[in-house]
1. Among the residues that make up region 95-110, is at least one of them more than 26 Å from N436 (Cα to Cα) and more than 16 Å from ligand 1 (Cβ to nearest atom)?
2. May I ask you to list the residues in region 125-167 that are closer than 17 Å to I404 by Cβ and in a loop (DSSP other than H, G, I, E, B)?
3. Residue under question is E152, and the condition is that it be buried (at least 19 other Cβ atoms within 10 Å of the Cβ), touching a residue at least 60 places away in the same chain (Cβ under 8 Å) and either more than 16 Å from ligand 3 (Cβ to nearest atom) or in the same structural domain as N9 (by TED's automatic domain parsing) (or both); does it hold?
4. Do we have K63 as assigned by TED's automatic domain parsing to the domain that holds N159, loosely packed, with under 14 Cβ neighbours inside 10 Å and more than 30 Å from R385 (Cα to Cα) here?
5. Could you pull out the residue among V369, V354, V321, V358 that is closer than 30 Å to A182 by Cβ and either among the β-branched types (V, I, T) or away from ligand 3 (no atom under 16 Å from the Cβ) (or both)?
6. So which residues in region 79-124 are part of a loop (DSSP other than H, G, I, E, B), closer than 29 Å to L143 by Cα and more than 18 Å from the chain's Cα centre (by Cα), if there are any at all?
7. How about region 274-291: which of its residues are more than 23 Å from I242 (Cα to Cα) and in a helix (DSSP H, G or I)?
8. Looking at S326, S268, which is the one that is in contact with a strand residue (DSSP E or B) (Cβ under 7 Å, 6 or more places away or on another chain) and either within 16 Å of ligand 2 (Cβ to nearest atom) or modelled with pLDDT of 95 or more (or both)?
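The values are calculated or read from the model by the stated rules, or taken from the named source; none is laboratory data. Please read these numbers as outputs of a predicted model, since none were measured by experiment. Ideal geometry is used to build each Cβ from the backbone, glycine not excepted, and the neighbour counts take in all protein chains shown.
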Amino acid sequence: MKNVITYINSNNNRYISELKDFLRIPSISITLKHKKDMIKSADFVAKKLKEAGIQKVKVIKTKGNPLVYAEWLGAPGKPTVLIYGHYDVQPVDPLELWDTPPFDPTVKNGKIYARGATDDKGQIFMHIKSVEAFLKTAGKLPLNIKFVIEGEEEIGSRNLQNFVNKNSKLLKCDAILISDTALFGPGIPTITYGLRGIAYMEIEVTGPNRDLHSGTFGGAVANPINILAGMISKLMNKDGHITIPGFYDDVIKITKSEKENIKKLKFSEKNYAKTLGVKELKGEKTYSTLERTWIRPTLDCNGIIGGFTDKGAKTVIPSKVTAKISMRLVPNQDPIKIAKLFTKYIKQITPKSVTVKVNDLHGGYPIVVSLNDKATIAASKAIARAFGKKTVFMREGGSIPIVITFAKKLKASPVLMGLGLNTENLHSPNEHFNLNHFHLGILSSAFFFDEFSK
Ligand code: BES
Ligand code: MN
Ligand code: MN
């Protein structure tokens, strides 16, 4: 291990400069506009895996963005880890709120600023670089490695779902290592043992067959925006409880011991509110903030499109309005069932004065991993070794829909060893990644290979 660590330490600057090359590619998956950049990004990952010393690397075409598969199986009899991550990134809007251009990576105060820095390019790169350190020093790894890096995580991983379902032999492994989550706080080694699921819906409300003058027609027909706003407000009561019938039926209640463990974590609701710039925190009654975001399901409107939104004042009753609504789910809620309950309830509360259409955009299952799992134990030892501190365990409010598919299909347990921070502006302007965590993440990855091979 000594040579591996020395290599990682002495190549740090080059690692950062290569990460910058990766971050310059605008691999935004939500539109088709960046098709070429998706291919460029996949090719970049493949090239870096080859440069790390892995010979078997493939860029695999899908109906959507390509995925990168690589394997190094030179340790027969030893366990196999599958490393998963995503090279696609979120859109950059609102662009004017970025201090430096999103695809011109800039280092300031030990942090690298760019879209995708923490979610998830910087974190994928840690594993590629720890593999490089082993292969360039020892010429081998202490266990077998497979990589699956996709380009559609931010849009629901549909093509990877298909790929995993069809290729369970190819992907056979003993653990799935994922760095796409956050540390509990700066400098705190963390393993995440739970992710929420998601059901992402769209509601279209249509009123009159065309936009109308709001003076001439105001008072004659229902305004779709007014109606939709009223419908949205019916989805939750004043206690923050979701009112969709059956919504909570499959929710597993938090155990006493988990509640106590969460309470033990050093977390200040006051500081949290302050960093978010809000006067008070708000959520489901009788639960703490960590409980509300980790172990309770939630519902949020993500956007409303409709009516006149330009500068100035245009008097109009819009013909149509759309709302995007996502629900975060916890075990054992099923996104398909939740989507059906949502659709049924929306139809039920839609007044006769408008018509409604509900679309199910995508979904993902929640997951909770056992803390007694071998890979989880190895990861908690590894990250503690890198940071020189005791590991803490947390759950996460975000979702990574492919994780449950991997776990079920490959019958291997996922390990969420993320090095990001929830304050690193993922999905938001000025996304960044702490370069000290990047470095410690490369060491954690190397220590994981060591620990898990034993
Ligand atoms: N890396 C995130 C998940 C995440 C978010 C982990 C926050 C830790 C903290 C992932 O890239 C993501 O954004 N997932 C989406 C999934 C969705 C698009 C299906 C999410 O959670 O919104
Ligand atoms: Mn991510
Ligand atoms: Mn993301």
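1. In the first step, residues of region 95-110 are kept if they are more than 26 Å from N436 (Cα to Cα); the result is 95-96.
From what's left, more than 16 Å from ligand 1 (Cβ to nearest atom): 95-96.
Yes, there is a match, as at least one residue in region 95-110 is more than 26 Å from N436 (Cα to Cα) and more than 16 Å from ligand 1 (Cβ to nearest atom).
2. E152, G156, S157, N167 - these are the residues of region 125-167 that are closer than 17 Å to I404 by Cβ and in a loop (DSSP other than H, G, I, E, B).
3. Values: buried (at least 19 other Cβ atoms within 10 Å of the Cβ): yes; touching a residue at least 60 places away in the same chain (Cβ under 8 Å): yes; either more than 16 Å from ligand 3 (Cβ to nearest atom) or in the same structural domain as N9 (by TED's automatic domain parsing) (or both): yes.
Here the answer is yes, as E152 does meet what is asked.
4. Taking the combined requirement at face value, the residue satisfies it.
5. Residue meeting the stated conditions: V369.
6. Listed by number, the list holds a single entry, P79.
7. K274, T275, L276
8. S326
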